[in-house]
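Asker: Just passing along the structure, written as structure tokens.
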Amino acid sequence: MSTGSGQRKTDHYVGTLVGESTSREFRLAVARETIREQDLIAVDAEMRRPQENAPVEEKSLPFEEKSLPVEKIRVWAKVQRIERINPLFPAEAGHELAATHTDPFDTVLSLSREMVTAVCQVLGAEPLDGSTGGKLDHLRYPPQPASSAYRPGSEDIARVLLGDLQHRQRRALDIATLSNRAEVDVKVDGHSIVTRHLAILAMTGAGKSWTARRIIEQMAEKNYPIVIFDPHGDYTGLAEVESLKKRVRRYYARFPVFEQVPETVIAMVESLGWQLANTHRSLFEDLFQGAKTLITAAPDELRARTEWISRYLGNEKIARYGLKPDLFLLAHFT
Ligand SMILES: Nc1ncnc2c1ncn2[C@@H]1O[C@H](COP(=O)(O)OP(=O)(O)O)[C@@H](O)[C@H]1O
Ligand SMILES: [Mg+2]
């Protein structure tokens with residue numbers, strides 16, 4: 001397990017704490033384009049650990065003079081946003097240029113001086129030696145201004161991200177890699193998913209179905225039993241995945257078409273997005289009755305009719321799977 005040694009820190013230095021820091025947020029002076037939004041960074045700090053059972057006379061001492069044990073911690077944070085400002089190009093100068101339609105390059109103004117600040121959200125803190133297995137505690141005191149921030153190693157990130165799960169391969173579902181650190185695998189606990197609830201919420205096109213499919217594949221690989229209710233057929237493709245081929249069984253809901261009155265079936269067909277013309281509608285009842293008569297034959301007779309209709313339509317699947325009292329029969333018959 002790695003520790004935040006000096007070597008690591010200088011190797012992976014990203015910036016220096018500036019301005020006001022709080023236990024929830026701090027700001028980093030960074031070099032241009034060395035850091036991106038959502039990056040994970042760390043700052044090492046030393047905290048005095050208050051002692052519950054300290055002698056009374058010591059409790060009354062000023063804080064700095066107490067002989068409190070010093071704890072070395074690593075503060076974890078995520079880059080929330082990045083701000084750029086050129087202090088030598090004040091807003092007033094910009095307004096002047098705009099008012100006079102002047103290109104800044106035609107002036108003596110400095111355009112290259114920039115201050116880039118990364119605003120970082122504190123995620124929590126852990127002992128520097130990582131001895132709590134990646135579990136982050138609340139940070140109760142802000143990190144020190146002028147501290148150096150660094151990019152933690154992949155192992156450290158994995159420890160914080162996965163915790164126990166790192167050592168529980170049998171229940172760890174491998175679902176992704178970290179967006180800014182492709183070498184770090186993101187896993188979720190299969191047991192947590194099956195014993196609790198999981199919702200995947202995002203905008204259309206954000207990747208919900210994709211994520212769900214990945215979770216399902218991973219759960220299948222770890223032999224979790226799975227039942228999928230799939231009204232839109234989003235997951236039928238799972239049966240074609242090589243590793244799942246022999247293990248997926250598909251069940252189809254069957255709408256008992258011929259137990260309904262023709263009007264109901266017309267309404268259903270139209271709700272599927274197929275507007276019937278008046279001629280269709282007037283002929284529908286006859287078709288409906290015809291198809292119903294076709295399907296309610298004695299088994300031998302039904303087999304003969306099935307083969308005939310299969311041949312007539314040049315559709316061998318009808319003969320192979322047989323006729324079923326469903327909308328497909330109605331369509332074939334039509
Ligand atoms: N993790 C991913 N990696 C690469 N492409 C992805 C990923 N997740 C989603 N996509 C792409 O985005 C598209 C939309 O994803 P999808 O899961 O269908 O979104 P949603 O269900 O949220 O509407 C997919 O067709 C795929 O091309
Ligand atoms: Mg979807």
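Asker: Got a sec? Which of PHE284, PHE258 is of a type outside the set (A, V, I, L, M), in contact (Cβ under 8 Å) with a residue 60 or more places away in the chain and either away from ligand 1 (no atom under 16 Å from the Cβ) or assigned to a loop (DSSP other than H, G, I, E, B) (or both)?
Answerer: PHE258
Asker: Every residue in the range 211-244 that is at pLDDT 90 or above and exposed (fewer than 10 other Cβ atoms within 10 Å of the Cβ), please.
Answerer: PRO225, VAL227, PHE229
Asker: Let me ask something else about it. Checking the structure you have, find out if any residue of the range 117-128 is open to solvent by 40 Å² or more (accessible area, probe 1.4 Å) and within 16 Å of ligand 1 (Cβ to nearest atom).
Answerer: Of the range 117-128, the ones open to solvent by 40 Å² or more (accessible area, probe 1.4 Å) are 121, 123.
The next check asks that each one be within 16 Å of ligand 1 (Cβ to nearest atom); those that pass are none.
The answer is no, given that none of the residues of the range 117-128 is open to solvent by 40 Å² or more (accessible area, probe 1.4 Å) and within 16 Å of ligand 1 (Cβ to nearest atom).
Asker: Return the only residue of ALA176, ALA172 being outside the structural domain of LYS72 (by TED's automatic domain parsing), more than 26 Å from GLU25 (Cα to Cα) and buried (at least 18 other Cβ atoms within 10 Å of the Cβ). Don't jump to the end; show me each part of the working.
Answerer: On the way: ALA176 fails: buried (at least 18 other Cβ atoms within 10 Å of the Cβ).
Answer to the check: ALA172.
Asker: Return yes or no: is VAL108 modelled with pLDDT under 90 and not assigned by TED's automatic domain parsing to the domain that holds GLU37? Full working, then the answer.
Answerer: Details: modelled with pLDDT under 90: yes; not assigned by TED's automatic domain parsing to the domain that holds GLU37: no.
Criteria not met by VAL108.
Asker: Would the range 186-205 turn up any residue that is part of a strand (DSSP E or B) and of a type outside the set (D, E, K, R)?
Answerer: yes
Asker: I would also like to ask the following. Would the range 20-43 turn up any residue that is modelled with pLDDT under 85, closer than 30 Å to SER179 by Cα and surrounded by 11 or more Cβ atoms within 10 Å (Cβ to Cβ)?
Answerer: So the first thing to find is which residues in the range 20-43 are modelled with pLDDT under 85, and the list is none.
No, the range 20-43 has no match at all.
Asker: Ok, one more. Within the range 85-109, track down each residue that is in contact (Cβ under 8 Å) with a residue 24 or more places away in the chain and over 23 Å from LEU28 (Cβ atoms). Before you say what the answer is, go through the steps one by one.
Answerer: Let us first name the residues in the range 85-109 that are in contact (Cβ under 8 Å) with a residue 24 or more places away in the chain, namely 85-89.
Within the range 85-109, none qualify.
So that you can scan it fast, the table gives a plain yes or no per residue for (1) within 15 Å of ligand 1 (Cβ to nearest atom); (2) more than 25 Å from GLY237 (Cα to Cα); (3) not polar (S, T, N, Q):
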| position | (1), (2), (3) |
| --- | --- |
| ALA172 | no, no, yes |
| LEU178 | yes, yes, yes |
| ALA182 | yes, yes, yes |
| SER192 | no, yes, no |
| GLY207 | yes, no, yes |
| THR211 | yes, no, no |
| ARG214 | yes, no, yes |
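The values are calculated or read from the model by the stated rules, or taken from the named source; none is laboratory data. Since the model is a prediction, treat every value here as computed from it, not as a measurement. Cβ sites come from the backbone with ideal geometry, for glycine too, and all protein chains shown count toward neighbours. Quick note on the areas: whole protein, heavy atoms, side chains included, nothing else; ligands and nucleic acids left out. Shrake-Rupley method; radii C 1.70, N 1.55, O 1.52, S 1.80 Å.
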